[in-house]
Every structure is written in C-alpha cells, then in structure tokens.
Amino acid sequence: QVQLVESGGELVQAGGSLRLSCAASGLTFNIYTMGWFRQAPGKESEFVAWITRDGDNAYAASVEGRFTISRDNAKNTVYLQMNSLNLEDTAVYYCAATQRVFLSTNRGDWPYWGQGTQVTVSS
C-alpha cells in the first residue's frame with residue numbers, strides 16, 4: 001500500500017521560509033516522479049513542482065526562483081524548500097507520485113497522493 005506523508009507546514013510570516021517533507025512508503029521510490037501541488041481556500045488545485053527520478057525538475061511560474069524541489073532516494077523522501085513566502089502561497093500542500101513517462105500537471109495523471117500539510121503565510 002502506497003503512503004505519502006507530508007510534514008513541515010506551519011504558520012510563517014511573509015518573507016519567511018519553510019521546508020516541506022514528504023515521506024513515501026509502499027513503492028519503489030527511486031523510479032517515481034514526485035510532485036507537489038497546492039490548493040488555496042476557494043481555489044482549484046495548482047501544480048507547484050515536480051522532480052523526476054533522474055533529478056530533472058519543473059516549477060509553476062508563480063514559484064519559480066523561490067521554491068526548490070529535491071529528493072533523497074536513500075530516505076524515500078521529497079522536499080520542497082520555500083523561500084520568500086507571500087500571502088498567495090497560503091494553501092494546503094500535497095505530495096504526489098507518478099510513473100508516467102509524459103509528465104503532466106493534471107491531477108488525474110498522478111495516482112498517489114498524501115493527505116496534505118497546511119502552510120499559512122501571515123502579513
């Protein structure tokens with residue numbers, strides 16, 4: 001049974017930093033592309049970043065240059081370092097996993113999901 005467990009979300013002031021973690025189990029972690037999505041109150045889910053098994057990554061334009069995704073295959077964990085946080089980054093952040101060769105930001109193309117971790121940015 002695949003499990004993805006996020007952690008690290010909390011209340012932070014604008015301009016601050018947070019690092020989210022996602023621990024994976026029940027899958028062969030090093031062959032999966034791992035991703036982060038987020039959903040703000042009243043808004044649709046939004047792609048944030050992904051990292052392939054080879055370490056290639058991609059980011060949403062809204063976080064490019066501020067967020068960094070990384071993975072530690074020895075720990076079966078993916079991270080999201082978030083810097084220069086602003087109010088628009090407030091959301092529940094979800095970790096996801098996929099084996100798709102042709103990557104997509106469509107939630108339906110990511111079969112495995114965590115339960116989410118809340119990030120709240122205050123002014």
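The values are calculated or read from the model by the stated rules, or taken from the named source; none is laboratory data. Small disclaimer: the values here were computed from a predicted structure and weren't measured. Using ideal geometry, Cβ is built from the backbone for each residue, glycine included, and neighbour counts are taken over all protein chains shown. The area values use the complete protein model at the heavy-atom level, side chains included, leaving out ligands, DNA and RNA. Shrake-Rupley method; radii C 1.70, N 1.55, O 1.52, S 1.80 Å.
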**Asked** Quick one: what pairs do we get from region 63-81, first residue at positive phi, second in a loop (DSSP other than H, G, I, E, B), C-beta under 7 Å, 6+ apart or different chains?
**Response** none
**Request:** Tell me, yes or no, whether region 32-43 has at least one residue that is part of a strand (DSSP E or B) and either touching a Pro at 6+ places or on another chain (Cβ under 7 Å) or loosely packed, with under 12 Cβ neighbours inside 10 Å (or both).
**Result:** no
**Request:** Please specify each residue of region 44-79 satisfying the condition of being open to solvent by less than 60 Å² (accessible area, probe 1.4 Å), among the basic types (Lys, Arg) and farther than 17 Å from residue 114 by Cβ.
**Result:** 66
**Considering residues of region 87-122 that are assigned to a helix (DSSP H, G or I) and either closer than 16 Å to residue 36 by Cβ or touching a residue at least 24 places away in the same chain (Cβ under 8 Å) (or both) only, the residue most open to solvent (accessible area, probe 1.4 Å)** = 88
**Fill in**
A careful count of residues in region 74-86 that are part of a loop (DSSP other than H, G, I, E, B) and within 21 Å of residue 27 (Cβ to Cβ) gives 3
